[in-house]
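J.: After the structure tokens below, expect a handful of questions from me.
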Amino acid sequence: MKRVIVGLSGGVDSSVAAYLLKEQGYEVIGLFMKNWHDDSVTISDECPWLEDSNDAMLVADKLGIPFQTVDLSVQYKERIVDYMFNEYEKGRTPNPDVLCNREIKFDVFMDIAMELGADYVATGHYCRKGTITKDGQEIHQLLAGIDNNKDQSYFLCQLSQAQLAKALFPIGELTKPEVREIAKAQDLITAEKKDSQGLCFIGKVRLPDFLQQQLKPKEGVIVEVDTTFDQYNQNMPAFDSKESKLAFLAKKPEYHLSDGKVVGQHQGAHYFTKGQRKGLAVGGTKEPLFVIETDVEDNVIYTGQGKDHPGLLRNVLFVSNDELHWIREDLELKVDETMDVMARIRYRQPLEKATLHKVTSGLYVEFKNKQSAITEGQFVAWYNDAELLGSGVIS
């Protein structure tokens, strides 16, 4: 019997993952990760991890599998929380869920599982794993989940071949309603439990409160930029190469206070992110205001009216070499090579046609259609059909 350690989160997905593995004849052990101690920043009065670990324990008990809790809060703080604060401070918008999978679940947690003699680590992610042989070598594929509405492959876009080799995703072939049906049939306490929102394994967090722990409020101005702004309407120059054209298109406009009118005050540019609409508290505009740029140096937020404001739309982005990651290392592009893919710049976004262009310093992703709120610090992920090939941090 192969031994599998399941990250039991206290939710329905991981509960059913554990049940299915046991049915398939694996020796299953449930492990709950405790990643957070500070309850002052979580919204609910009750302590979410306590309730979750209790549910996880009851599920393990019902399935008759061993269970224990591991405290990973030190590593979580170092690798996820500190990284988040650092990124927000720089005016970038991190994606803690992607990092949590790469750094915690499939690294720190995986190491603990291997020490416990595990052959595999399993999670309740809606995605699938494929394995092919190429030139005599085994290559692992990360495939989208069958349930289009729940596909979570994007959150695993930073996994490596070594991590995928040891990973199992038992519910990837199922839809969410099917997972709930199985949980109900097995009388699992998590069958009707609502999906958790918020930071990976912390629970529902008020992001501004959370960020204010480290990043102090600092009053600044909100500036509204009109659609007539010069840089939106400049003529396209002549380019001597495709690369110089891509570099031009990837460049975002630069704003100064004189480029718009002051319409309000804010408590810190580092609390805001591109594309954000809520929390600006500015009224009296014909269309809602969206954040089009944050300047953390001068503590200014630039905004524009309406979701089609030109300050939000761009069709080229850049990923530098040190933030570029291929799951399929065998398909990695060499300088001057291109690849047609489907790509997304955020979870839940429908896949869009794009072309990858490899240059000496990194990779340009050129979308066929303009994308809204391309945000530095977020991940772009590219696919061939259902397979996620690679990803990178938008720079």
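J.: Determine, yes or no, whether LEU211 is over 30 Å from ALA56 (Cβ atoms) and of a type outside the set (Ser, Thr, Tyr). Let's see the steps before the verdict.
T.: Details: over 30 Å from ALA56 (Cβ atoms): no; of a type outside the set (Ser, Thr, Tyr): yes.
In short, no.
J.: Give me the residue from the stretch 172-191 that is touching a residue at least 40 places away in the same chain (Cβ under 8 Å) and among the acidic types (Asp, Glu) and, out of that set, nearest to VAL59 (Cα to Cα).
T.: Within the stretch 172-191, the match that is nearest to VAL59 (Cα to Cα) is ASP187.
J.: Scan the stretch 1-31 for residues that are surrounded by 24 or more Cβ atoms within 10 Å (Cβ to Cβ) and of a type in the set (Val, Ile, Thr) and jot them down.
T.: VAL4, ILE5, VAL6, VAL12, VAL16, VAL28
J.: If you check TYR154, TYR120, which single one turns out to be of a type in the set (Phe, Trp, Tyr), farther than 19 Å from ARG3 by Cα and in contact with a strand residue (DSSP E or B) (Cβ under 8 Å, 6 or more places away or on another chain)?
T.: Result: TYR154 is the single residue among TYR154, TYR120 that is of a type in the set (Phe, Trp, Tyr), farther than 19 Å from ARG3 by Cα and in contact with a strand residue (DSSP E or B) (Cβ under 8 Å, 6 or more places away or on another chain).
J.: Looking only at the stretch 222-262, how many residues end up being surrounded by fewer than 17 Cβ atoms within 10 Å (Cβ to Cβ) and not in a helix (DSSP H, G or I)?
T.: 18
J.: Okay, next question. Would you be able to say whether some residue in the stretch 371-388 is out of contact with any Lys or Arg (no Cβ under 9 Å at 6 or more places or on another chain) and of a type in the set (A, V, I, L, M)? Break it down stepwise before answering.
T.: Going residue by residue through the stretch 371-388, those that are out of contact with any Lys or Arg (no Cβ under 9 Å at 6 or more places or on another chain) are 385.
Checking which are of a type in the set (A, V, I, L, M) leaves us with none.
Looking for residues that are out of contact with any Lys or Arg (no Cβ under 9 Å at 6 or more places or on another chain) and of a type in the set (A, V, I, L, M), one finds none in the stretch 371-388, hence no.
J.: For the stretch 328-348, what are the residues that are loosely packed, with under 13 Cβ neighbours inside 10 Å and at pLDDT below 95?
T.: Selection gives ARG348 alone.
J.: Of the residues in the stretch 34-74, how many are buried (at least 18 other Cβ atoms within 10 Å of the Cβ), modelled with pLDDT of 85 or more and not small (Gly, Ala, Ser)?
T.: 8
J.: Looking at the stretch 330-360, which of its residues are of a type outside the set (D, E, K, R), in a loop (DSSP other than H, G, I, E, B) and over 28 Å from GLY136 (Cα atoms)? First the steps, then the outcome.
T.: Initial filter on the stretch 330-360 (of a type outside the set (D, E, K, R)): 331, 333, 335, 338-339, 341-343, 345, 347, 349-351, 354-357, 359-360.
If we keep only those that are in a loop (DSSP other than H, G, I, E, B) too, we end up with 333, 335, 345, 347, 349-351, 360.
If the condition is that a residue be of a type outside the set (D, E, K, R), in a loop (DSSP other than H, G, I, E, B) and over 28 Å from GLY136 (Cα atoms), then ILE345, TYR347, GLN349, PRO350, LEU351, THR360 are the ones that fit.
J.: If you don't mind, there's one more thing I want to ask. Looking only at the stretch 270-301, filter to residues that are touching a residue at least 60 places away in the same chain (Cβ under 8 Å) and among the small types (Gly, Ala, Ser); which one of those is farthest from GLY377 (Cα to Cα)?
T.: GLY279
J.: Could you please give the count of residues in the stretch 261-278 that are aliphatic (A, V, I, L, M) and within 20 Å of THR227 (Cβ to Cβ)?
T.: Keep residues of the stretch 261-278 that are aliphatic (A, V, I, L, M), which gives 262-263, 269.
Remaining after also requiring within 20 Å of THR227 (Cβ to Cβ): 262-263.
So the count comes out to 2.
J.: Now for a separate question. Criterion first (under 27 Å from SER320 (Cβ atoms), modelled with pLDDT of 95 or more and either in contact with a Phe, Trp or Tyr (Cβ under 6 Å, 6 or more places away or on another chain) or hydrophobic (A, V, I, L, M, F, W, C) (or both)) does GLN163 satisfy it? I'd like the intermediate steps shown before the answer.
T.: Details: under 27 Å from SER320 (Cβ atoms): yes; modelled with pLDDT of 95 or more: yes; either in contact with a Phe, Trp or Tyr (Cβ under 6 Å, 6 or more places away or on another chain) or hydrophobic (A, V, I, L, M, F, W, C) (or both): yes.
In short, yes.
J.: On the basis of being of a type outside the set (S, T, N, Q) and under 29 Å from VAL296 (Cα atoms), does VAL365 make the cut?
T.: Numbers: of a type outside the set (S, T, N, Q): yes; under 29 Å from VAL296 (Cα atoms): yes.
Criteria met by VAL365.
J.: Let me ask you something else. Could you figure out which of (1) under 20 Å from GLY10 (Cβ atoms); (2) modelled with pLDDT of 95 or more isn't true of CYS100?
T.: Here CYS100 meets the rest and fails (2).
J.: Sort out which residues of the stretch 103-136 are assigned to a helix (DSSP H, G or I), within 16 Å of the chain's Cα centre (by Cα) and surrounded by 21 or more Cβ atoms within 10 Å (Cβ to Cβ), and write them in order of number. Give the derivation first.
T.: Filtering the stretch 103-136 down to residues assigned to a helix (DSSP H, G or I) leaves 103-115.
With within 16 Å of the chain's Cα centre (by Cα) added as a condition, the list becomes 103-106.
Result: ILE104, LYS105, PHE106.
J.: Kindly indicate whether ALA162 is in contact with a Lys or Arg (Cβ under 8 Å, 6 or more places away or on another chain), farther than 15 Å from LEU20 by Cβ and not hydroxyl-bearing (Ser, Thr, Tyr). Lay out the reasoning, then the answer.
T.: Numbers: in contact with a Lys or Arg (Cβ under 8 Å, 6 or more places away or on another chain): no; farther than 15 Å from LEU20 by Cβ: yes; not hydroxyl-bearing (Ser, Thr, Tyr): yes.
It is false that ALA162 is in contact with a Lys or Arg (Cβ under 8 Å, 6 or more places away or on another chain), farther than 15 Å from LEU20 by Cβ and not hydroxyl-bearing (Ser, Thr, Tyr).
The values are calculated or read from the model by the stated rules, or taken from the named source; none is laboratory data. All of these numbers come straight from a predicted model, not from anything done at the bench. Because the Cβ atoms are built from the backbone with ideal geometry, glycine has one as well, and the counts that use them run over all protein chains shown.
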